[in-house]
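Please read the structure below before turning to the comments.
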């Protein structure tokens, strides 16, 4: 076997595909930066199509740009949504209580003599007491 020069050996290895083009910036061949674990698992080990990875990365880049451009709007939408989520149980409880008072007023009007239910404030007080667990 004849001795090859170092340059000839590199050329032969490059042709055979053993050594990548490490001189170019952004090269992901041997000796480049390690791939993320999920890319290694899904696209190298399992063998999903490369077009899916390109599409995912393009969509992710566009989404990041959209978030960066609309940061203030997203913040206001998030604060509004959190406010609605926080206030929803309080509104629902008030609605249920108002419904109970309305039904209790109807019940009091039917069961109690008409002369004592003529005053609206008295009727409201009896209805609230009934809805809070009291008796009529």
Order of 38, 52, 126 from fewest to most other C-beta atoms within 10 Å? 38, 52, 126
Would you calculate the separation in nanometres between label points at residue 73 and residue 128, each defined as 7 Å from the Cα along the Cα-to-beta-carbon direction? 4.6 nm
Largest-first semi-axes in Å of the equivalent ellipsoid built from the Cα gyration tensor of the stretch 84-131 are 28, 9, 6
What number, in percent, do you get for the relative contact order of the stretch 84-131 if the mean sequence gap of Cα pairs under 8 Å and at least 6 apart is divided by its residue count? 45 percent
Expected sort for 108, 84, 39 with the fewest Cβ neighbours (10 Å cutoff) up front is 84, 39, 108
Full-stretch length increase - residue 63, residue 50 - with 0.36 nm per residue and alpha-carbon distance subtracted: 2.7 nm
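The numbers here are math on the coordinates, done by the rules we state, and not lab data. Note that this is a predicted model, so its numbers are computed, not measured. As a convention, Cβ positions derive from the backbone with ideal geometry for all residues, glycine included, and neighbour counts pool all protein chains shown.
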